[in-house]
Amino acid sequence: MLEPVPNAKNVFYVNLEENLSEVASKLGLGLLPDEMEKVKSYFESEKRKPTDVELQAIDQAWSEHCCYKSSKPVLEETVFGLKSSKKVIAREDAGIMEFDDKHYYAVGLESHNHPSALDPYGGSATGIGGILRDVVCMGAQPIALIDPLFFGNLDTPREALAEGVKHPRYLMGGVVAGIRDYGNRVGIPTVAGQVAFHPKYTGNPLVNVGCVGIVEKELMIHSKAGDVGDIYILAGGRTGRDGIHGVTFASRDLDAGSDDDLGAVQLGDPITKEPLMHLCLELNEMGILTGMKDLGGGGLSCVVGELALDGGFGARVDLEKVHLKVENMPPWEIWVSESQERMMFTVTPKNVEKVLERCKAWDVEAVTIGEVIAEKRNIVNYNGVEILNLDLDFTTGGPVYKRPYNLPDYDVGEAVKLPSYPENIEEKIIDVIRQPEVASKDWVIRQYDHEVRGKTVLKPIQGPIGKEVPGDSSVIKPVDNSWKGLALTSDINPYLMEANPYHGTMSAVEEVCRNLASVGARIDSLADCLCFGNPQRPDIMGQFKASCEALRDAATSIDVPYVSGNVSLYNETADGAIPPTPVLMGIGLVDDIRKCVTSDMKKEGTIWIVGRTKEEMGASLYYRTLGIECKNVPTTDFSSFIPRMEQLIQAIENGEVVACHDISNGGLALTIIEMAMSGTGAEINLNSDLRDDIELFSESNGRWVVQVAPGFESKFEKRFDFAEKIGDVNDKIIFNKNGEQIAKLQIDKVRKEWTNPIWERLA
């Protein structure tokens, strides 16, 4: 099967005339049988045997992670090519949008799910490292991080875990620690995110990481080589055996034997990353780079060819020049390793020495390893022997599959018969706020430095010291001499997605808009990280298609583009797939950060609700605590929502609003409580025809609780199609219905019940 290549140590010719499945197995390839046949045909046309290095390179390029072979047809029908009045400047390693006359902002969103399931600390840390590189290689200075995280139930009995599955408490602790240590050490604030729980994440947590950066327009650089003759310079960390087959590992289900793939998890090094980022930005400012790209999935095997091909060229590399962590690595390992903290530059020959001098000044290792050539091929030599020569169109094209799908039912159905009224509504409110899904995430948030660099205007927790409450969005001031700001948020409800992937996705897009509007920001762009199960199952592909159709419909309605993201499939174990989880990151623009409002209740101002409450209880937190399944999930009406959202933003800009919080998980009751835990309570009068527990806990879309500044009530009310005064401030939290008190809660007691659940399980 294997024949040594003369004069090339640890390089082999591979006989494809033998059993192709055995060949793939022996080399550890993830290529499917029909893909192996395509590879065989290619080398037959070349009239030669492949080397093991070539087969490993194709394996990386054709992984689900790299070429989107299952998702591309659906994405092309739905999300790709969407029209928007908001111009997308670039979609490369990161998306680029206009911030102001002189600056762009960069957006990246990625997942690191499989690595985090094996090694939660290393998997999450290297996720942060990768997303920082994506932003840096556009020439942008990273200014903020975001981390939407999804775990199994923290109370899962250990005996209920399948073989090889790590406990959600262990996974959550490791993931948070990895994000904390990496982000804090490189000095980039983690300002927003999400922590959600669902039993189906038990064996397969989701770790999504996003980054936003800022770059002067003339300094934006592209991820492509400049011209024939440009020199490749590899800078940063050394190449090692960590991260071998990372992208192929991420392109299959997790099982009891997945711990054997621990070597696929990269090793992060923020101490190396920090000067590397400074170096990249300095070289770009000097104008001596023709291209820059980070080494992520597939390592050298992907970055060399992608840089060249995107410029319309090919590349020739001398692999023995790559600096290594360990001796005697076989060439195929060097070529596909995903070791972290590495960047690739292309530079004109005259500027090579300048670049190497600056690398030395920053104490960053760097070496020239090859050059750009005219022919669109990757050619790799090892100690003077050619070990790889591949057509780039062939290797980067990859297979495409139109997978069969079974679409889920889009119909929301009828509301079920109302449950028995709770014997004690106060106890039910306490029960709801103690659910980990809505309980305080301070245990996570306070481990992150969300103020480093001094640019964070609104933090993830807001209000008086010691009485902070959750915010809807964080706000960053990117430019020193400007009051313009960027607002960041994320959202997805896995329970709602599980019940109805189409309407769950629509609701998520709307909630992202609501979160941004709550602080006075207008949504400007979206990033999406689409996490689903095995695409070879028609029901999973049906979920994926339904969600993508909703992404298209929602983005079209709000006139906002998707500028960045990825697809993460095969999030599945022997116990089944994760809930369909299209994680969303929203970026909004704030004209004047001085006018932003927070979610904490103030001592003066009346309390209003904007938007109508409906009996849409499907997948609601309230019904889940009662064990009730209901298909009647919340729907969206963007035609009424969009003008309502704009009017709210204008009210905030005009000083009419002192506090605002969107209504989502837990309904009106939870929204009021979260605002009031700042120490200023509220007396709320429920006025609708709905039963009071439904009015309290409905999660209907398109709603906010707004505290209106004294003297602005009339002006505020006239702005909206539906805005109603529902209460006044108080020293307690009181809910009345038709003049009768139905619940009275002490603020300190409520805060304690809300604060403790996560700490009790993890601290």
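Sequence-distant contacts, meaning Cα pairs under 8 Å at least 6 residues apart, place the relative contact order of the stretch 133-198 at 54 percent.
Over all other residues within a Cβ to Cβ distance under 15 Å of SER714, the charged ones net out to 0, with Lys and Arg as +1 and Asp and Glu as -1.
Spacing of the modelled spin labels on GLU76 and ASP480, each 7 Å from Cα toward Cβ, amounts to 4.8 nm. Beta bridges from DSSP with both residues in the chain: antiparallel share about 80 percent, rounded to the nearest 5. At an R0 of 56 angstrom, the distance between the Cβ atoms of LYS715 and VAL326 translates into a FRET efficiency of 0.20. Taking 20 °C and 1.002 mPa s as conditions, the stretch 492-554 diffuses translationally at an estimated 172 µm²/s according to Stokes-Einstein applied to its Kirkwood radius (Cα pairs).
Note on ARG612 and LYS49: the model spin-label points, each 7 Å out from Cα along the C-beta direction, lie 7.4 nm apart.
Each of PHE43, PHE345, PHE151 was scored by other Cβ atoms within 10 Å of its Cβ. Arranged with the fewest first, they read PHE43, PHE151, PHE345. Counting Lys and Arg as +1 and Asp and Glu as -1 over every other residue whose Cβ lies under 11 Å from the Cβ of GLY314, the net charge comes to -1.
Each residue of the stretch 662-670 is assigned a 3J(HN,Hα), and the resulting list reads 6, 9, 9, 4, x, x, 4, 4, 5 Hz, derived from the Karplus form 6.51 cos²θ - 1.76 cosθ + 1.60 (θ = phi - 60°), x at Gly and Pro. Rounded to the nearest Hz, the phi-derived 3J(HN,Hα) couplings of the stretch 584-600 under the Karplus curve 6.51 cos²θ - 1.76 cosθ + 1.60 (θ = phi - 60°) are 10, 10, x, 10, x, 9, 10, 5, 8, 4, 5, 9, 5, 10, 10, 8, 6, where x marks glycine and proline.
What's the angle, to the nearest 10 degrees (0 to 90), between helix 33-45's Cα axis and the longest principal axis of the chain? For 33-45 against the chain, the angle is about 30 degrees. Both radii were evaluated on the Cα set of the stretch 121-222; the Rg over Rh quotient, with Rh as the Kirkwood radius, amounts to 1.10. Helix-only arithmetic for the chain: the sum of -39500 (n - 2.57) across DSSP H runs with n ≥ 4, divided by the residue total, places the mean residue ellipticity at 222 nm at -10000 deg cm²/dmol.
By the equivalent-ellipsoid construction on the alpha carbon gyration tensor, the chain comes out with semi-axes of 48, 28, 22 Å, ordered largest to smallest.
Restricting the calculation to Cα atoms, the stretch 306-354 yields a radius of gyration followed by a Dmax of 13.1, 35 Å. Exposure proxy ranking for MET97, MET220, MET138, based on other Cβ atoms within 10 angstrom of each Cβ and starting from the fewest, stands as MET220, MET97, MET138. Ordering ALA723, LEU762, SER698 by the projection of their Cα atoms onto the charge dipole of the stretch 684-763, which places +1 on the Cβ of Lys and Arg and -1 on the Cβ of Asp and Glu, puts LEU762 at the extreme positive end.
Directionally averaged projected area (the stretch 64-397, Cα convex hull): 17.5 nm². Across the stretch 641-649, computed HN-Hα scalar couplings (Karplus, 6.51 cos²θ - 1.76 cosθ + 1.60, θ = phi - 60°) run 5, 4, x, 5, 5, 5, 5, 5, 4 Hz from first to last residue, x flagging Gly and Pro. Put simply, the amide H of ARG342, placed in the peptide plane, has neighbours under 5 Å in GLY237, LEU295, leaving out anything fewer than 5 places away on its chain. Near ILE445: Cβ cut-off under 11 Å, other residues only, Lys/Arg at +1 and Asp/Glu at -1. The net charge is 0. Around the Cα centre of the chain, unit charges on the Cβ atoms of Lys, Arg, Asp and Glu (plus for the first two, minus for the last two) sum to a dipole of about 1120 debye. Legend: ranking of residues LEU31, LEU219 from fewest to most surrounding C-beta atoms inside 10 Å; resulting order LEU219, LEU31. The H on the amide N of VAL633, modeled in the peptide plane, is under 5 Å from the matching H of GLY618, each at least 5 residues off or on a different chain. The Rg/Rh ratio of the stretch 191-232, with both radii computed over alpha carbons and Rh defined as the Kirkwood radius, is 1.27.
Amide H to amide H, with H built 1.01 Å from N, VAL195 comes under 5 Å of LEU149, counting only residues 5 or more places away or on other chains.
Among the listed pairs LYS217/LYS718; LYS595/LYS732; LYS631/LYS715; LYS38/LYS83; LYS69/LYS614; LYS69/LYS102, a Cα-Cα separation exceeding 30 Å is found for LYS217/LYS718; LYS631/LYS715; LYS38/LYS83; LYS69/LYS614; LYS69/LYS102. Taking the charge dipole of the chain about its Cα centre, with +1 at Lys and Arg Cβ atoms and -1 at Asp and Glu Cβ atoms, the residue from THR505, ASN571, PHE99 reaching farthest to the positive side is PHE99.
Readers should treat all values here as calculations from the given coordinates under stated rules, not as data from a laboratory. Values in this document were obtained by computation on a predicted structure and should not be read as measured data. FYI the Cβ positions are ideal-geometry reconstructions off the backbone, even for glycines, and counts take in every protein chain you see.
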